Amino acid sequence: SEQVVIDANYFSFYKGAPVIKHYIKNDAFTSCTIFGIMFINSDDSKLDRGIDTIKHEWGHFVQEKYYGELLYLIYIAYPSLTHRNVNYYYSQPWEYGADVFGGVQGYPYYTSDASSNFIQYHNEIMETRRK
């Protein structure tokens with residue numbers, strides 16, 4: 001459960017995925033998922049949105065497994081890292097998609113076109129995958 005991850009000191013599992021909780025105080029390295037490991041910042045897990053953060057990172061885990069590591073790195077991880085200061089960050093298709101795959105409900109900062117942008121982006125990734 002999400003609560004197990006929140007209560008863990010350093011290491012846990014969430015739905016079979018390894019989770020490493022870290023204590024690095026750096027905005028560039030908060031919570032992320034890479035190479036099948038979820039990294040959760042201890043501060044992120046304590047915030048009101050802690051459960052949603054864990055679900056969101058699980059969504060990135062699902063994206064990585066679904067799209068494959070190479071496409072995940074290109075279409076999800078890279079834009080996620082390089083567009084951190086953009087307005088409506090969680091409405092970006094790679095972030096909104098993580099919420100969709102992770103089961104996050106009702107995040108208040110989505111733009112009205114977040115869903116359609118995600119579908120278009122997902123279709124672009126799938127088309128690239130077919131080639």
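The values are calculated or read from the model by the stated rules, or taken from the named source; none is laboratory data. Bear in mind the structure is a predicted one, so any value in this text is a computation, not a measurement. Quick reminder, even Gly has a Cβ in these numbers, built from the backbone with ideal geometry, and neighbours come from all protein chains shown. Just so you know, the surface numbers come from the protein's heavy atoms only, side chains and all, with ligands and any DNA or RNA stripped out. Shrake-Rupley method; radii C 1.70, N 1.55, O 1.52, S 1.80 Å.
Here is the list for segment 62-94: chymotrypsin sites (Phe, Trp or Tyr not before Pro) lying in DSSP coil, each with at most 14 other C-beta atoms within 10 angstrom of its C-beta, are Tyr88.
Were the residues from Leu73 through Ile119 laid out at 0.36 nm apart, the gain over their Cα-Cα distance would be 14.7 nm.
Students often get this wrong, so try it: which of (i) 14.1, 43; (ii) 15.1, 45; (iii) 14.5, 49 is Rg and Dmax of the Cα atoms in Å as calculated from the structure shown? Matching entry in (i) 14.1, 43; (ii) 15.1, 45; (iii) 14.5, 49: (i). For the chain, the per residue solvent-accessible surface stands at 56 Å², with DNA, RNA and ligands left out and a 1.4 Å probe. Each Lys and Arg Cβ is given +1 and each Asp and Glu Cβ -1; about its Cα centre, the chain then shows a dipole of about 280 debye. A full extension of the chain between His22 and Tyr66 corresponds to an added length of 13.3 nm, given 0.36 nm per residue minus the alpha carbon distance.
Close Lys pairs in the chain (alpha-carbon distance under 20 Å; sequence gap of 8 or more, or different chains): 9.
Extending 7 Å from Cα along the Cβ direction at Ser112 and again at Asn85 yields two label points whose distance is 2.9 nm. Placing unit charges on the Cβ atoms of the charged side chains and taking the dipole of the chain about its Cα centre, the candidate lying farthest along the positive direction among Ser31, Asn9, Met126 is Met126. Here the simple spin-label model places points 7 Å from the Cα toward Cβ, and for Asp43 and Tyr10 these points are separated by 2.2 nm. Between helix 50-67 and the chain there is an angle of about 50 degrees, using the helix long axis and the longest principal axis of the Cα atoms.
Between helix 93-102 and the chain there is an angle of about 60 degrees, using the helix long axis and the longest principal axis of the Cα atoms.
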